[in-house]
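The values are calculated or read from the model by the stated rules, or taken from the named source; none is laboratory data. Remember, it's a predicted structure, so these values are computed and weren't measured experimentally. Note: ideal-geometry Cβ built from the backbone for every residue, glycine included; neighbour counts use all protein chains shown.
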Amino acid sequence: MNELKSRGVEDVLIAVVDGLKGFPEAITAVFPQAQVQTCVVHLIRHSLAFVSYKDRKSVAAALKNIYKAKDADAAKAALEDFAESPWGRKYPAIAQSWRRNWPEVIPFKVTDATHSWRNFRRTGQD
């Protein structure tokens, strides 16, 4: 992060990370205003690590209600619905993991709606 700053990066608004330990802290140490977002794909993969192979498609479909919710409140309600569902009761570690990581899960749901999700997925290559 220090190298990025020394190369002229003045600010980072949002950073999407894959769960690497210490990386969120490294980002906010150099760019204190940055919001750190856990990569949803990595969170889903981590969640499915708790799930038997035969249940994975169904559990993955149930998790969509959380990360496809229209806003942060709806996402939180969907998480609680999942936790109380048969899948949530069968695999309680999933909801526990999402709750534990919630501050890093939810930033994209509270970002100004005028910014499209597509912009968050940009790689800088047009």
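If a residue must be within 13 Å of TRP87 (Cα to Cα) and touching a residue at least 40 places away in the same chain (Cβ under 8 Å), how many such residues does region 40-54 contain? Here the count works out to 3. Whether any residue in region 77-91 is part of a helix (DSSP H, G or I) and at pLDDT below 95 is what I want to check. Taking every residue of region 77-91 in turn, none turns out to be part of a helix (DSSP H, G or I) and at pLDDT below 95.
For region 1-58, please list each of the helices (runs of 4 or more DSSP H) lying entirely inside it that holds at least 1 residues being polar (S, T, N, Q) and under 27 Å from ILE94 (Cα atoms).
23-30, 40-48
Inspect region 3-21 for any residue being surrounded by 14 or more Cβ atoms within 10 Å (Cβ to Cβ), modelled with pLDDT under 95, hydroxyl-bearing (Ser, Thr, Tyr) and out of contact with any helix residue (DSSP H, G or I) (no Cβ under 7 Å at 6 or more places or on another chain) and give the result as yes or no. Checked against the condition, which is being surrounded by 14 or more Cβ atoms within 10 Å (Cβ to Cβ), modelled with pLDDT under 95, hydroxyl-bearing (Ser, Thr, Tyr) and out of contact with any helix residue (DSSP H, G or I) (no Cβ under 7 Å at 6 or more places or on another chain), region 3-21 yields no hits at all.
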